[in-house]
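Below is one structure, written out as structure tokens; the observations come after it.
The values are calculated or read from the model by the stated rules, or taken from the named source; none is laboratory data. Being a predicted model, the structure only gives us computed values, none of them experimental. Neighbour counts run over all protein chains shown; Cβ positions are idealised from the backbone, glycine included.
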Amino acid sequence: MSMRKSLNKAVIYGILAVLAALMMYPLIFTFMSVFMTAPEMNQYPPKLFPSSLYLGGLQSVLELIPLDRFVINSFVMSGIIMIGQVITAAMAAYAFSYIQFPGKNAWFAIFLSTMMIPWEVTIIPNYLTIKSWGWMDSYQGLTVPFLASAFGVFLLRQFFLQLPKELFEAAKIDGCGHIRHFITIVLPLARPGLASLGVYVFLTNWNMYLWPLLITNSVEMRTVQIGISMLQFEEYTAWNIVLCGVALVLLPSLLLLVFGLRQLARGITAGAVKG
Amino acid sequence: MDAQHPELKLPAAPAVVQETQTAHKDKLRARRWKEGALGYLFLAPCLVLFTIFLFYPLVKSVYLSFHLTDPRGEVAAFVGLENYINLAASGQMWNSLKVTLLFALYTVPAGIVLGLIMAGLTHAKLKGMKIFQFIFSVPLALSVSTASVIWVMLFHPSMGMFNYFLSKIGAGPIQWLTDPSWALISISLMTVWMQSGFNYIVLLSGIQGVPEDIVESAKIDGAGPIRTFVQIVFPLLTPTVFFLSVVSIIHAFQSFGQIHLMTKGGPAGSTEVFVYSIYKEAFINYQFGTGSALALTLFAIIMILTFIQFAVLEKKVHYQ
């Protein structure tokens, strides 16, 4: 029995190790290439490990493209969208969970149905709208269409409904109105929910591709995702430099994953997810 | 005051009661009105944004799809259903529909099976599982552009690692992205990898929700780990798997970035998925009318597919 058990254990560890190696390989390849020189990268047979901790590639990529500018753009864009979505979603979620108003159920159903509208249907008119407002190549063009999401409303509503009802009753007796109740009681208590939504929204928008591709033309307004993919098409760029760029772009997301995995997992598993 | 006009108080009393009653009612109505207004105030930011960027575009898409447009997006002529008829008559739409269905077929079952294996194994109560759980979540950090750039290099026909490893085991080089019979498979491989983190997290949380005692009693009855998983855990996991399959198929039908970055729909249209067709029509050919018609067709297809899944598959789902 214990023989079989330890054999089982060994098999599980074996499969997991192989799977982990396969899944991690593309990333290991990327981070190994960061430290390779251009000739090392072009060698055949390809080298698996760099011969030294060469940092010239990182330097070259920063000289070749304004990566710092791209990172700032992505940070500002994702940050604005994150803050905006958390605020609008928290307000709407509060209305749906605590306030009695006519048409509440109908509005809730309408909000629910907006999750079914895929972005392809809205992207052409939204592109034309942003263009006609003269918002191309601007932060407002990048962010304003995304400042509200039905997904966020649902996620936070779930959190708000789980808060103890007695707290609100007690506050009401003390003469506490909705606005004060929202700001001083509900928001602080729902912090884990706000964090889940925040991390999730930040990462999704940090990784956004099609919208920034359509909305930005100038180099100054490019986000990291567009900047890094443009690097690929510069014909004479050495691979090690491109991969240095990729690694630098991946780093913030990886850090976010290390510190916010639990919040992120909660956001993802909260229900339907829009990609 | 009462002492000065004692005679006035008694006859006036019923009127005062009535007055306070109506005042009370008014107050209540005012409070209710205020509460309702407050509700809409809290809803206002979402309502305004949804109206401008969701509801209006939805209507505008329908409107555009009945028209021809100039490159600036101005409506040039009303053509009725012609855009739709032309699309249905052209081979291009059917090709992209076929490619998208194949893409879903390659990525969705493979992604779910891979996720099940990883989630099932890392749920075992063994040392070091936290590390594996983190490793399998790492692809969550990937974006479509970083993942695509990495894989374009791995797929490179002469310098890429994949062909190098193949040559090591004596297999011939594969033209991963330029051979029409391989390109879609290559993109699917990359997509399964890119989405594995998401699938893993969803399935792991599903498995963690399976009641411990059910699994324990199966083990006491002498069921091995594989039999326990297939016969006990998996049936309880079917709601999660169902949810994941619905979301994954929608994702597959909405894929764009990896195709734009790796093949641009080529070679010979073999990777031209539906959204890439929309992009090409609207933002390369500037045909916003036909682009909108394509987008609405896709919307309809996704709705129908989701509906079918709920009607057919959900019956097999085991809800506790």
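Looking only at the stretch A:150-195, residues that are under 14 Å from A:F96 (Cβ atoms) and within 14 Å of chain B (Cβ to nearest Cβ) come to 12 in all.
Confirm whether A:L7 is more than 9 Å from chain B (Cβ to nearest Cβ), surrounded by fewer than 16 Cβ atoms within 10 Å (Cβ to Cβ) and over 32 Å from the mean Cα position of the chain (by Cα).
Values: more than 9 Å from chain B (Cβ to nearest Cβ): yes; surrounded by fewer than 16 Cβ atoms within 10 Å (Cβ to Cβ): yes; over 32 Å from the mean Cα position of the chain (by Cα): yes.
Yes, satisfied.
Going by the structure shown, is B:S181 within 18 Å of B:Q258 (Cα to Cα) and either within 9 Å of chain A (Cβ to nearest Cβ) or not acidic (D, E) (or both)? It is true that B:S181 is within 18 Å of B:Q258 (Cα to Cα) and either within 9 Å of chain A (Cβ to nearest Cβ) or not acidic (D, E) (or both). Selection of the stretch B:158-178 for residues being more than 7 Å from every other protein chain (Cβ to nearest Cβ) and touching a helix residue (DSSP H, G or I) at 6+ places or on another chain (Cβ under 6 Å) yields B:G160, B:F162, B:P173, B:W176, B:L177. So for the stretch A:87-101 (the condition being of a type outside the set (D, E), free of Cβ contacts under 8 Å to residues at least 60 places away in the same chain, outside any helix (DSSP H, G or I) and within 14 Å of chain B (Cβ to nearest Cβ)), does at least one residue qualify? Checking the stretch A:87-101: at least one residue is of a type outside the set (D, E), free of Cβ contacts under 8 Å to residues at least 60 places away in the same chain, outside any helix (DSSP H, G or I) and within 14 Å of chain B (Cβ to nearest Cβ). Among the criteria (1) away from chain A (no Cβ under 14 Å); (2) modelled with pLDDT of 90 or more, the one B:G39 does not fulfil is (1).
Residues checked against (1) touching a strand residue (DSSP E or B) at 6+ places or on another chain (Cβ under 9 Å); (2) of a type in the set (G, A, S); (3) in contact (Cβ under 8 Å) with a residue 24 or more places away in the chain:
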{"site": "B:A76", "(1), (2), (3)": "yes, yes, no"}
{"site": "B:I85", "(1), (2), (3)": "no, no, no"}
{"site": "B:N95", "(1), (2), (3)": "no, no, yes"}
{"site": "B:Y106", "(1), (2), (3)": "no, no, yes"}
{"site": "B:F134", "(1), (2), (3)": "no, no, no"}
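Against the list (1) touching a residue at least 60 places away in the same chain (Cβ under 8 Å); (2) surrounded by fewer than 22 Cβ atoms within 10 Å (Cβ to Cβ); (3) in a helix (DSSP H, G or I); (4) away from every other protein chain (no Cβ under 11 Å), the condition A:N217 fails is (3). When the stretch B:227-278 is limited to residues that are of a type in the set (F, W, Y) and assigned to a helix (DSSP H, G or I), the one that is farthest from B:K98 (Cα to Cα) turns out to be B:F229. For A:G141, state whether it is assigned to a helix (DSSP H, G or I) and within 26 Å of A:F75 (Cα to Cα). Yes: the conditions hold for A:G141.
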